[in-house]
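The values are calculated or read from the model by the stated rules, or taken from the named source; none is laboratory data. Please read all numbers here as calculations on a predicted model, not as lab measurements. Cβ: placed from backbone, ideal geometry, glycine included. Neighbour counts: every protein chain shown. These area figures cover heavy atoms from the full protein model, side chains too; ligands, DNA and RNA do not enter into them. Shrake-Rupley method; radii C 1.70, N 1.55, O 1.52, S 1.80 Å.
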Amino acid sequence: MRYAVISDIHSNIEALTAVLERIDAIGVDKTVCLGDIVGYNAAPNECIDLVRKLGLSCVMGNHDARASGLEEPNDFNPAAAEAIYWTRKQLTEENRLFLRKLPRRTVVDDAFLAVHGWINDTDSYILSATDASINFRLMEREKTPHLTFFGHTHVRIAYLARNGCVETSLDETITLKEGVMCLANPGGVGQPRDRDPRAAFLVFDAATQEISFFRTEYNIDSCRRKILGAGLPEVLAERLLYGW
Ligand code: ZN
């Protein structure tokens, strides 16, 4: 089985469409989304409609929880909170319920675990080898598959654990060896934050245990015009140009 793993779409239909076209060209059996379908950008219903139409397996992100009214954006920066209140007004009732019912984590075909933030917490960020080692211990304790895909930081990275030692990898292709645990983040689709404005995703081949990271260009101008046209904070349009 070959899987595409995408994360942090953030209401960016241009980036989502471009990524799905590229995934289609590569050819996979299943596409999995690690949460944050909405937030920040201006096409929430379009993105949820497409995820639902394609039947993508998806977990809940922190923005999905807040936009659907499960939680309040009290801990968000002002621009992110404003986008949550705007998104709440746009969401159709069906799409709001879809977001509310997303699981916090899911095991896909016994091949890997999919989460948004930490193994046991949607809102926490895996930002370092220390964070990763805590999550590796949680994976062991909870007897999850040895591979977890996570999102939330919008930055592509992989952590590999061998005999209790955690290594960081930025290789574009990683082959998982027997006895190695892995936590991998594909990077963000709709708001990349690694100074590369192109949309990010990964492909995992369960037969060869190979993870490959990809980037793809999309129509940033069209997305920016929608953000500004919706009256959302200008900074949300600006940051897409620079990938931060
Ligand atoms: Zn996010």
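Under the condition of being assigned to a loop (DSSP other than H, G, I, E, B) and of a type in the set (A, V, I, L, M, F, W, C), the residues counted in the range 1-42 number 7. Helices (runs of 4 or more DSSP H) fully within the range 47-155 that include at least 1 residues being within 16 Å of the ligand (Cβ to nearest atom), in contact (Cβ under 8 Å) with a residue 24 or more places away in the chain and under 18 Å from the mean Cα position of the chain (by Cα): 62-67, 78-90, 93-100. Scanning the range 156-174 for residues that are closer than 21 Å to residue 4 by Cα and not in a loop (DSSP other than H, G, I, E, B) returns 157, 158, 159, 160, 169, 173, 174. Scanning the range 1-40 for residues being open to solvent by 10 Å² or more (accessible area, probe 1.4 Å) and within 11 Å of the ligand (Cβ to nearest atom) gives a total of 1. With the condition kept exactly as written, say whether any residue in the range 183-191 is at pLDDT 95 or above and open to solvent by 60 Å² or more (accessible area, probe 1.4 Å). Taking every residue of the range 183-191 in turn, none turns out to be at pLDDT 95 or above and open to solvent by 60 Å² or more (accessible area, probe 1.4 Å). Whether a residue is out of contact with any Lys or Arg (no Cβ under 9 Å at 6 or more places or on another chain) and at pLDDT 95 or above was assessed, and residue 54 passes this test. Residues in the range 197-220: is at least one modelled with pLDDT of 95 or more and in a helix (DSSP H, G or I)? Yes, that holds for at least one residue. Of the candidates 129, 114, the single residue that is touching a strand residue (DSSP E or B) at 6+ places or on another chain (Cβ under 7 Å), under 28 Å from residue 197 (Cα atoms) and surrounded by fewer than 22 Cβ atoms within 10 Å (Cβ to Cβ) is 129. Could you check, for the range 133-140, whether at least one of its residues is touching a His at 6+ places or on another chain (Cβ under 8 Å) and either of a type in the set (Asp, Glu) or within 30 Å of residue 41 (Cβ to Cβ) (or both)? No, the range 133-140 contains no residue that is touching a His at 6+ places or on another chain (Cβ under 8 Å) and either of a type in the set (Asp, Glu) or within 30 Å of residue 41 (Cβ to Cβ) (or both). Across the range 192-210, not a single residue is classified as in contact (Cβ under 8 Å) with a residue 24 or more places away in the chain, within 11 Å of residue 158 (Cα to Cα) and surrounded by fewer than 17 Cβ atoms within 10 Å (Cβ to Cβ). Of the residues making up the range 156-183, those that are within 21 Å of residue 130 (Cβ to Cβ), away from the ligand (no atom under 16 Å from the Cβ) and among the hydrophobic types (A, V, I, L, M, F, W, C) are 158, 160, 161, 165, 166, 170, 174, 180, 181, 182, 183.
Name the residue, out of 95, 77, that is out of contact with any Cys (no Cβ under 7 Å at 6 or more places or on another chain) and under 21 Å from residue 118 (Cβ atoms).
Exactly one residue qualifies, and that residue is 77.
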